[in-house]
Amino acid sequence: MPPEVLKLLRDMQDAASDIAAFAAGKSFEAFQQDKQLRRAIERSFEIVGEALTQLRKIDPVTAQRITDWQAIIGFRNVLIHGYGQVDDAKTWDIVQSEVPILLAELDALLK
C-alpha cells in the first residue's frame, strides 16, 4: 500500500479512536450538555471525512472498502458547511453505532 494511503488510513483510525475515547462512559445527555465534548467529536469526524475524501481521490478502490464511505464524506460536509443543521442525536447515534464498524474496518485495512 502506498505511504500516502497508509497515512490517510492511520489519520482516520486515529480520529475515529479519539471519537470512541471521548465518548466512552458518556451518555447522550452528557454529550448534549458538554460543548467541548461535542466540538471534539465533531472535529474528529471532520478529520475522518476529510481523510476519506482525499483517499477517494488517490485510491478509490480502498475508499470504497469502507462501509458507507459516501455518508461519511457527506457528514463531514454537513459539519463543515452546514454546521447549523448538525443534529446532536444523529451525531451521537453515529458515535455509538457506526464508529465501532469504521474502527474494525480500518484495523483490517491496516493489517
Inset, instruction - Of all residues in the range 15-38, count the ones that are free of Cβ contacts under 8 Å to residues at least 12 places away in the same chain and closer than 18 Å to E105 by Cα. - result: 1
Legend entry - Residues within the range 59-111 that are of a type in the set (S, T, N, Q) and within 11 Å of the chain's Cα centre (by Cα), tallied: 1
Inset, instruction - Scan the range 52-84 for residues that are closer than 15 Å to K7 by Cα and of a type in the set (D, E, K, R) and jot them down. - result: R56, K57, D59
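Laboratory data are not the source of any read-out in this text; all were calculated from the coordinates shown. Bear in mind the structure is a predicted one, so any value in this text is a computation, not a measurement. When we count neighbours, we look across all protein chains shown, and the Cβ atoms used for this are built from the backbone with ideal geometry, even at glycine.
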